[in-house]
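Take a look at the structure below.
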Amino acid sequence: MKTEQILNRIERRFRKYYIPGLMGYVIFGMVIVFIMDAIVCPMMGKEPLSPYISFNRELIMHGQIWRLVSFVFEPVTYSPFFFIFAMYFYWMIGDVLENNWGSFRFNLYFFTSLLGAIIAGFITGTADNYYMMLTMFLAFAVIAPDMPILLFFFIPVKIKYLAYVDAALILFSFIFSGFSGKIAILLSVINFLLFFGEAFMVRAKMRINHWKYRMKNKR
């Protein structure tokens, strides 16, 4: 497929430029920010760290360029129990994807999503890591669709079914969001579309042709 050929060309040319164990650094950064916001800053009577690392177009334009990357480290939740679970889950996702694709391609997937979120942020004024992390989960669901996970910690559910729900929620949000919301969603999930969009189109075309063939032979 053309997408695979393009990815292979990029990898052959730039394969030495990557960060091994990238997801581990992202999780480490989230843990640090979580500890600062939930424990250290309140104990010291200081403001939380998150407002100083979040994406803010105006502040970036005034020189706070670290916000172009630092917003990635904003915690996905501030519930201690769910934060621990989320960090373990995202570490597992990153580990599976990196082992399956190799470090370079995983880096490419991650930074493509980051670039999309940054572009969306400059268009809309703000950005976060929500859809970036979600695309990691969707890629994981494609790689390991039948892997079970305990929903609510006791209901076994295959990853692919949770991915269907998330994909439906993304589509719902995209349809009913305003222009800014549509831009933010589309650009943040561009990595998933680039990596898997062509394969899904081919698979859908095959299923449609198969359905047409069956309907034709029923007559």
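Read the figures in this text as sums done on the coordinates, not as results from a lab. Just so we're clear, the structure is a prediction, and the values are computed from it rather than from any experiment. Neighbour counts are summed over all protein chains in view; Cβ atoms, including those assigned to glycine, are modelled from backbone coordinates with ideal geometry.
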Rg(Cα) of the range 65-151 divided by 2.2 N^0.38 Å? 1.16
Among all helices in the chain defined by DSSP H, which have a length of 15 Å or more along the axis from Cα atoms plus a Kyte-Doolittle mean of at least 1.6? 22-35, 130-143, 159-176
If you take every residue apart from TYR18 with its C-beta less than 11 Å away from the C-beta of TYR18, what net charge results, scoring Lys and Arg +1 and Asp and Glu -1? +1
Pop a pseudo-label 7 angstrom from the Cα along the beta-carbon direction at both LEU171 and LYS46 and give the gap in nm to one decimal. 4.6 nm
In the neighborhood of LEU49, defined by Cβ-to-Cβ distances under 13 Å, what is the net charge if each Lys or Arg adds +1 and each Asp or Glu adds -1? -1
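Mind sorting THR135, THR112 by how few other Cβ atoms lie within 10 Å of their own Cβ, fewest first?
Ordered from fewest to most neighbouring Cβ atoms within 10 Å, THR135, THR112 come out as THR112, THR135.
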Would you mind ranking GLU11, GLU98 by Cβ crowding within 10 Å, fewest neighbours first? GLU11, GLU98
Mind giving me the nanometre distance, one decimal, between the label points for ASN99 and LEU115, set 7 Å out from Cα along Cα→Cβ? 2.9 nm
If the chain between GLU4 and LYS160 were fully extended at 0.36 nm per residue, the gain over the current Cα-Cα distance would be 53.9 nm
Where only C-alpha atoms are counted, convex hull volume of the chain per residue in Å³: 164 Å³
Radius 14 Å from Cβ of ARG9, net charge of other residues (Lys, Arg +1; Asp, Glu -1): +3
Where is the GNM fluctuation largest for the chain (alpha-carbon springs, 10 angstrom cutoff): LEU194, LEU59, LEU134? LEU59
Difference of contour (0.36 nm per residue) and Cα-Cα distance, ARG13 to TYR88: 23.7 nm
Hey, how many Å between the Cα centroid of the range 1-64 and the Cα centroid of the range 77-151? 12 Å
For the chain, what does the helix formula give at 222 nm: sum of -39500 (n - 2.57) over DSSP H segments with n ≥ 4, over the residue count, nearest 500 deg cm²/dmol? -23000 deg cm²/dmol
Figure the gain on full extension for GLU58 and ILE32 (residue separation times 0.36 nm, minus the Cα-Cα span) and round it to one decimal in nm. 6.8 nm
